[in-house]
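Report on one structure; see the data block that follows.
The values are calculated or read from the model by the stated rules, or taken from the named source; none is laboratory data. The structure presented is a predicted model; accordingly, all values stated were derived computationally and were not measured. Neighbour counts run over all protein chains shown; Cβ positions are idealised from the backbone, glycine included. The area values use the complete protein model at the heavy-atom level, side chains included, leaving out ligands, DNA and RNA. Shrake-Rupley method; radii C 1.70, N 1.55, O 1.52, S 1.80 Å.
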Amino acid sequence: MRNTRRAVALATFAQCARAMSSSALSGRGMKAAGYVGTASKSMSLRDEGRDLITLAVAQNALMDDLLLPKVAQAAVRASARVRYAPSWLGLPELRAGVARLYSSHVLRDNLVTADEVAITSSATSAIDALLFAVLEKGDAVLTVAPFYGSYTRDVEARAECVLVPVPGATDGVPTVESLEEHFQWREPRPKALLVASPHNPCGSVLGAQTLKDMVSWTRLRNVQLIVDEVFALSTFEPGAFTSVLDVLDAAEDNAHVHVVYSASKDLALSGYRVGALITKNPAVLDSFKCLSIFCNAATLPQAVVAELLDDDAWLRDAWIPELRSRLKASWRHAKKHCDAHALRRLGSDPEAGHFCLLDLRGVAEGPALNAALEKAGVVLTPGPLMGAPHGIFRLCHAAEPDARVAEAVARIAGVVNAAPPLPEPPAGNTPTCKAPAPGCAQS
């Protein structure tokens, strides 16, 4: 572990040294240059002409037959939208569309209104701008480990806050006790809690009581609560998801609760770069009237997404049921092939999302295992990017057609079977989650 961290740090230092010598970057620019993720790695390997299967990027390749004709129709109607939106908070029809999507298809009891929504260029930019608005440079942001690896970049690269992993969670589900321990342990006290539900990379869904506990604890500790709900509709079963917005008590002050959403996952529009912030805090929205100019989605993609969200019957009767059915089938297919090759998985079976966690500890040392997988033509998200140990990998089964996923799993099994055995991890061993090395991010 120590040698691997040193290697990653040296590689990052070398990148920054090259950047400094060539363009005299600022300290902030050098730090940003060091955030290199698995998506960038995939691109560089493709440039080498490799027969590469990338299962490291959580995007949905399963829905194109339903999506592309609908997008083509929407794009024709939206093609005249060549001017600025009337507000940097986004097109009014898209803000209304996100509010309607949540009120009709995500929430059970509560409602979202358009004036609680700000449109951004992605969930990443929503997190970045929100932290800029509500925290100060150097403030600590708690998150549950293992975590979505890009949170490191989202929290630190521009907002210049510090991501603090909270280890020991089962399947990404936090406990108030673990949060309180890390809150008391750190000086100065953390100022925000960033969690994902459905969880990335575990695929678990936070229950109503867990969400209520987090809302109450963050209110008590004067901590901002940011819930990443980009997979809200991507559960394998209907009714499996509870939004944090559905557990809020209207009699309480909920100005500290914020939801991040995106068209990238539930609508499979990752290339459109359209995200949203939902908040009950009007002061935050006032700040976004300025901040969103730096991270605003283009008017045309906003208009296309608004057209899709305006067709409620299509969402209800075609898109959402098929999305859930295909994601569930994709997971079952990946699980079948992993089981056939006796590849261990970490944690419980996922309930949502595009991914599962493979446990390849005991196969080879971290750098050697990563190199062997790349040589075999497979790119996965390695554990250290997610605050997990070497040997843990995120596999995104929805990123490629079933046949390609089966081929990737066979290649992984080939690497495992060819490696000289190392000692097995202790029975029941849970990942010892740590902050990733500087310069780590994923997509």
Where only protein heavy atoms count, and the probe is 1.4 Å, what is the accessible area per residue for the chain in Å²?
41 Å²
Can you list the HN-Hα couplings for the stretch 147-155, worked out from phi with the Karplus curve (6.51, -1.76, 1.60; θ = phi - 60°), rounded to whole Hz and with x for Gly and Pro?
9, 4, x, 6, 4, 4, 5, 4, 7
What spacing in nm lies between the two simple spin-label points modelled at T170 and A403, each 7 Å away from Cα in the Cβ direction?
4.2 nm
Using only the alpha-carbon atoms, what does the stretch 225-276 span along each of its principal axes? Please give whole angstrom values in decreasing order.
39, 26, 13
Charged-residue dipole, Cβ positions (Lys, Arg, Asp, Glu), the chain about Cα centre, Debye nearest 20
1240 debye
Where in the chain are the helices, taken as whole DSSP H runs, whose Cα atoms extend 15 angstrom or more along the long axis and whose Kyte-Doolittle mean reaches at least 1.6?
123-134
Once you list every other residue whose beta carbon is under 11 Å from the beta carbon of E237, what net charge do they have if Lys and Arg are +1 and Asp and Glu are -1?
+1
By its C-alpha gyration tensor, with a ≥ b ≥ c as the square roots of the eigenvalues, how is the stretch 153-290 shaped: rounded for a/c under 1.5, else prolate for a/b larger than b/c, else oblate?
rounded
Go through the stretch 383-395 residue by residue and turn each phi into a ³J(HN,Hα) via Karplus (6.51, -1.76, 1.60, θ = phi - 60°); whole Hz please, and just put x for glycine and proline.
x, x, 5, 10, x, 10, x, 4, x, 8, 9, 8, 10
At a threshold of 8 angstrom on Cα-Cα distance, excluding pairs fewer than six apart, so keeping six or more, what relative contact order does the stretch 93-139 reach in percent?
33 percent
Please give the net charge around R186, taking every other residue with its beta carbon less than 14 angstrom from that of R186, where Lys and Arg add +1 and Asp and Glu add -1.
-1
When a/c is below 1.5 the answer is rounded, else prolate if a/b is larger than b/c, else oblate, so apply that to the stretch 212-314 with a ≥ b ≥ c taken from the square roots of the Cα gyration tensor eigenvalues.
oblate
One finds, for C290 and R83 with R0 = 22 angstrom and r their Cβ-Cβ distance, a FRET efficiency to the nearest 0.05 of 0.65
Taking trypsin sites (Lys or Arg not before Pro) as exposed when DSSP calls them loop (any state but H, G, I, E, B) and at most 13 other Cβ atoms lie within 10 Å, what is the longest stretch of the chain free of them, the sites themselves excluded?
187-443
Sort 249-261, 196-208 by packing, meaning the average of other beta carbons within 10 Å per residue, with the highest value first.
196-208, 249-261
Which net charge results when you count Lys and Arg as +1 and Asp and Glu as -1 among the other residues whose beta-carbon is under 10 Å from that of H105?
0
State log₁₀ I(q)/I(0) for the stretch 352-396 at q = 0.31 Å⁻¹ as given by the Debye formula over alpha-carbon point scatterers of equal weight, solvent excluded.
-1.22
Just how far, in whole angstrom, is the stretch 151-173 from the stretch 364-407 if you go by their alpha carbon centroids?
21 Å
If you count the DSSP beta bridges with both ends in the chain, what percent of them are antiparallel, to the nearest 5?
50 percent
At q = 0.11, 0.12, 0.19 Å⁻¹, the log10 of I(q)/I(0) for the stretch 42-126 from a Debye sum over equal Cα scatterers comes to -0.53, -0.62, -1.11
Along each of its three principal axes, how wide is the spread of alpha-carbon positions in the stretch 192-244, in whole angstrom units, largest first?
34, 19, 14
So which chymotrypsin sites (Phe, Trp or Tyr not before Pro) in the stretch 48-136 pass both tests, a DSSP loop state and at most 14 other Cβ atoms within 10 Å of the Cβ?
Y84
In whole Hz and in residue order, list the ³J(HN,Hα) couplings for the stretch 257-265 that follow from phi through the Karplus curve 6.51 cos²θ - 1.76 cosθ + 1.60, θ = phi - 60°; x for Gly and Pro.
9, 9, 10, 9, 9, 7, 7, 5, 9
Three-way shape label, the chain, alpha-carbon gyration tensor, a/c 1.5
rounded
Distance cut-off 26 Å, Cα to Cα: go down the list K335/K375; K265/K328; K70/K265; K191/K328; K191/K289; K191/K280 and report the pairs above it.
K191/K328
